[in-house]
Amino acid sequence: MAQKKIEAIQAVEDKVTSAEENTPEGLFVDTFWNQYELRRERALELQEKREDAYLNAVREVIKFNKQYRESLGKMYVQTKKTNKDLFSELVHQFNSRKDNMKEEVKIVEEQASDREELKKQLKEVTGQLEQLALTPIKSIFEIVDQFEDNFEENAESSIAFARDSRNAWLQVRKQYVTIAKRTHHNLVERGTNSLKELIKV
């Protein structure tokens, strides 16, 4: 029963509103509120574009940082390989000089086995030192990767939450605009009627 009364009241108000809209004052009110709604929609669209641009910028920066870290790792591997090749060449030249000296062949043979053992130990120690030195760097790279991934996820969820909350309030905002528009029409009508009564007197 109450629902029928509300529908009847709204139908009467809609008829009054449509009659008011034909007057210049009614057209002004409609234009004013239509412009407001268009501006609001445009602002919402721009805000969503800014959010998308921000998210894309975050993704691009993260992608660039990952590529940069990969290039640093590749540069390290390349430098390590170059240094190893250079060291091998120097050792080879040093050994060839020793081989040219025939008098010291016996001494070189005795020292060769010691050198091989020393080389093995040196390689083991160098490998362990390298792993020890690289552990903090690898850990930092992993932490930065995790931080960037978390930052991207947080940015995405923040934007999604903001959009959801805006969409949740959108219907309420539209109802307020409709009520404000109707109230504005009533105010203009009352002002016009009051002015007509004042002029009659």
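Values in this text are rule-based calculations from the coordinates and carry no lab data. Everything numeric in this text was worked out from a predicted model, so none of it was measured. Every residue, glycine among them, receives a Cβ derived from its backbone with ideal geometry; neighbour counts consider all protein chains shown.
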What does the extension gain come out to for Lys200 and Leu55, with contour length at 0.36 nm per residue minus their alpha carbon separation? 45.8 nm
Which pairs, out of Lys81/Lys119; Lys80/Lys138; Lys74/Lys119; Lys81/Lys123; Lys66/Lys138, put more than 22 Å between their alpha-carbon atoms? Lys74/Lys119
Show me, for region 48-63, the HN-Hα J-couplings you get by feeding each phi into the Karplus relation (A = 6.51, B = -1.76, C = 1.60, θ = phi - 60°), rounded to Hz, glycine and proline as x. 5, 5, 5, 5, 5, 5, 4, 5, 5, 5, 4, 5, 5, 5, 5, 4
Please list, in order along region 160-173, the HN-Hα scalar couplings obtained from phi with the Karplus expression 6.51 cos²θ - 1.76 cosθ + 1.60 (θ = phi - 60°), rounded to whole Hz, x for Gly and Pro. 4, 5, 4, 5, 4, 5, 5, 5, 5, 8, 4, 5, 4, 4
Mean separation of Cα contacts under 8 Å (at least 6 apart) over the residue count of region 25-200, i.e. the relative contact order in percent, is 58
Asn167 to Leu132: FRET efficiency via 1/(1 + (r/R0)^6), r the Cβ-Cβ distance, R0 41 Å, to the nearest 0.05? 0.15
Taking Val29, Val172, Val144 and counting other C-beta atoms within 10 Å, the order from fewest to most: Val172, Val144, Val29
